[in-house]
Each structure stands twice: as structure tokens, then as C-alpha cells.
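Let me begin by presenting the structure, written as C-alpha cells, before commenting on it.
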Amino acid sequence: MSRDCLFCRIAEGSERADIVYSDPDVIVIRDIHPRAPVHLLVIPRQHLGSADEVEDPSVWSSVMNAAVRVARDMGLCAGGYRLVVNCGAGAGQTVSHLHVHLLAGRIFQWPPG
Ligand code: 5GP
Ligand code: ZN
């Protein structure tokens, strides 16, 4: 837990967010600036600055299992959904706490811009 970190404060409950799923390891919140009709952020409770800082592979299993579970529960599979990890400023990462974007509800271009 880092007091300087927005997603740590959200995970701890001291900062407000629209939480759609929560378990002992992961929270899923609605993005405040959605880029698709459904735009969620899948966030491990443990503070890791980016994908590059992950050493324990169970972090990925917790995060990706939560993402797929939420996608299924929200009925997103038929229309398709996209999972995105921006790692580093050059790739567009703006919040330095690991998170996976879950986007759905529109057609997505490939490759992403
Ligand atoms: P990144 O750019 O690091 O890949 O993704 C960070 C995401 O966090 C962005 O999509 C941004 O809109 C979202 N975000 C930034 N501040 C807040 C906030 O205070 N609350 C929520 N729910 N999302 C936020
Ligand atoms: Zn954090």
C-alpha cells in the first residue's frame, strides 16, 4: 500500500470509485474517462508499479481470472472484449499501479493506436 498511489487508495477504500467486482486480491472499477461503452480497470490490491515489476506469476492469474470472470458475468463474451496493459509512459501508462483495461461494447481497430 502506497499513500501516494491513487489505485492503492481506491483498493483500501479511502478514495471513491465505482467498484464492480472485488475479491481478496483484485478489484475491478469503472474507468473515470471511459474509452468504450464498457471500460473497466482490473487492479491487483498489491502495489506493483507496472507489468515490469511483476515477479510472482500468481498476480497475473488473479488479475486475468478476475477480468474474464467479470466479462462473463457482464455478458461481454458474445460481442467481444479487449484486455490491454499499458507498460511504461511510452505505451501510454499514466497511473503507476499495475492494471488491465477491460474494454467492450464497440468495434476495436487492430493494431491499437
Ligand atoms: P493507463 O493510462 O495508466 O493505462 O490507465 C489509467 C486509467 O486510469 C485511465 O484510463 C484513466 O482514465 C483512469 N483513471 C485515472 N484517474 C482515475 C480515477 O480517479 N478514477 C478512476 N476510476 N479511473 C481513473
Ligand atoms: Zn498502488
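Say we look at the range 23-37 and pick out the residues that are over 12 Å from the mean Cα position of the chain (by Cα) and farther than 12 Å from VAL95 by Cβ; which of these is nearest to ligand 2 (Cβ to nearest atom)? For the range 23-37, the residue satisfying everything is ASP25. Of everything listed in (1) surrounded by 15 or more Cβ atoms within 10 Å (Cβ to Cβ); (2) of a type in the set (D, E, K, R); (3) under 16 Å from VAL85 (Cα atoms), the single unmet condition for ASP52 is (1).
The condition (being out of contact with any strand residue (DSSP E or B) (no Cβ under 9 Å at 6 or more places or on another chain), away from ligand 1 (no atom under 16 Å from the Cβ) and modelled with pLDDT of 95 or more) is satisfied by just one residue among ALA71, ALA78: ALA78. The strands (runs of 3 or more DSSP E) found wholly in the range 1-112 and carrying at least 2 residues that are in contact with an Asp or Glu (Cβ under 7 Å, 6 or more places away or on another chain) and free of Cβ contacts under 8 Å to residues at least 40 places away in the same chain occupy 26-30.
The values are calculated or read from the model by the stated rules, or taken from the named source; none is laboratory data. What you see is a predicted model, and the numbers here were worked out from it, not measured in a lab. Here Cβ is always computed from backbone atoms with ideal geometry, including for glycine, and neighbour counts include all displayed protein chains.
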